[in-house]
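Throughout, read-outs are computed from the coordinates displayed, never taken from laboratory work. Every value quoted in this text rests on a predicted model; they were computed, and no experiment measured them. For neighbour counting, all protein chains shown are included, and Cβ atoms are generated from backbone atoms with ideal geometry for every residue, glycine included.
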Amino acid sequence: MKFLKEDQKRFYNEQGYLVLDLLSEEEIQELSDEYDRVFNLRKHENTEATWQGDWKKENKKMEVKSIHGMQMFSDAYTRLLLNKKLLDACEDIMDTSNILLHHTKAHLKPPGTGSPFPMHQDYHYFPFEKDSMIAVFISLDASNTSNGGLCVYPGSHLLGPQEDKGTQSGWHYCDQTKFPIEKATPLALTRGQVVVFSYLLVHGSYTNASDGVRRMHLIQLMSAEDKPLKDMHNSLCQGMVLRGENVHRKADISKRHHKE
């Protein structure tokens, strides 16, 4: 290990997640400012991403604003992908120096109407052979149970893939009676804190019942030594090498996608 302490790595292996302080105040402020700029410029575009399906207990209006591929909108989020401390921590957790980008996305929960997320595993959206996939969850606002914060089932990653109870194509979630959000462990995060977790960890988030927004940014990373089990969730900049190399990528120009 180059960055994490032994007890941090042990905690991750046992619990499936780890809360870290990786960003400076200057980095957090820049990301916050750029986040607001990007969302404000696109406030009239369709960014609604409330989770669909029959998991919801309430019928009142709920909403979540989402933009995928933030690195395509702001250089601050491109530089974030190459943040040394972040990649040092991920290298220790993933046990590989060859780290690839899978995708990024930003979720904004409006005050009062910010929708909860059902308990789910990211696995069902992009399963991999070696389960190397991790999420890097950056809380751009202090978050808790009142404003739509993240919650997890510690150790649930050790159970492996759970039954997918999603009832609509493209939306996946676990059995909400087996993993009720009421029994999940809430993660109270300070502004700018980072949570790294396995894509097998059962997790979700609460309703934003507060009078302020709750903003987060998510980066999903994979090992260059791993392979997807299905051709799905192909995202912007997927496969970009953030650290190390990708020896499995082909350079055969006969299969290029664009004619010159």
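Can you give me the number of residues within the stretch 57-96 that are surrounded by 14 or more Cβ atoms within 10 Å (Cβ to Cβ) and either free of Cβ contacts under 8 Å to residues at least 40 places away in the same chain or of a type in the set (Ser, Thr, Tyr) (or both)?
So the answer is 7.
Looking only at the stretch 5-20, decide whether some residue is touching a Gly at 6+ places or on another chain (Cβ under 9 Å) and closer than 26 Å to ALA142 by Cβ.
yes
Would you mention how many residues in the stretch 167-182 are of a type outside the set (Ser, Thr, Tyr), in contact with an Asp or Glu (Cβ under 9 Å, 6 or more places away or on another chain) and either in contact (Cβ under 8 Å) with a residue 60 or more places away in the chain or not in a loop (DSSP other than H, G, I, E, B) (or both)?
1
Under the condition of being small (Gly, Ala, Ser) and in contact with a strand residue (DSSP E or B) (Cβ under 9 Å, 6 or more places away or on another chain), which residue from the stretch 69-114 is farthest from ASP131 (Cα to Cα)?
Here the answer is GLY112.
Output the qualifying pairs, or none if there are none: Cβ atoms under 6 angstrom, residues six or more apart or on different chains, first residue in the stretch 189-215 and in contact (Cβ under 8 Å) with a residue 60 or more places away in the chain and within 30 Å of ARG10 (Cβ to Cβ), second residue hydroxyl-bearing (Ser, Thr, Tyr) and surrounded by fewer than 21 Cβ atoms within 10 Å (Cβ to Cβ).
Matching pairs, first to second residue: TYR206/THR145.
In this structure, does TYR199 turn out to be under 21 Å from HIS157 (Cα atoms), surrounded by 12 or more Cβ atoms within 10 Å (Cβ to Cβ) and touching an Asp or Glu at 6+ places or on another chain (Cβ under 6 Å)?
Spelling it out, TYR199 is indeed under 21 Å from HIS157 (Cα atoms), surrounded by 12 or more Cβ atoms within 10 Å (Cβ to Cβ) and touching an Asp or Glu at 6+ places or on another chain (Cβ under 6 Å).
Only one of (1) closer than 25 Å to THR113 by Cα; (2) in contact with a helix residue (DSSP H, G or I) (Cβ under 7 Å, 6 or more places away or on another chain); (3) in a loop (DSSP other than H, G, I, E, B) fails for HIS217. Which number is that?
Every listed condition holds for HIS217 apart from (3).
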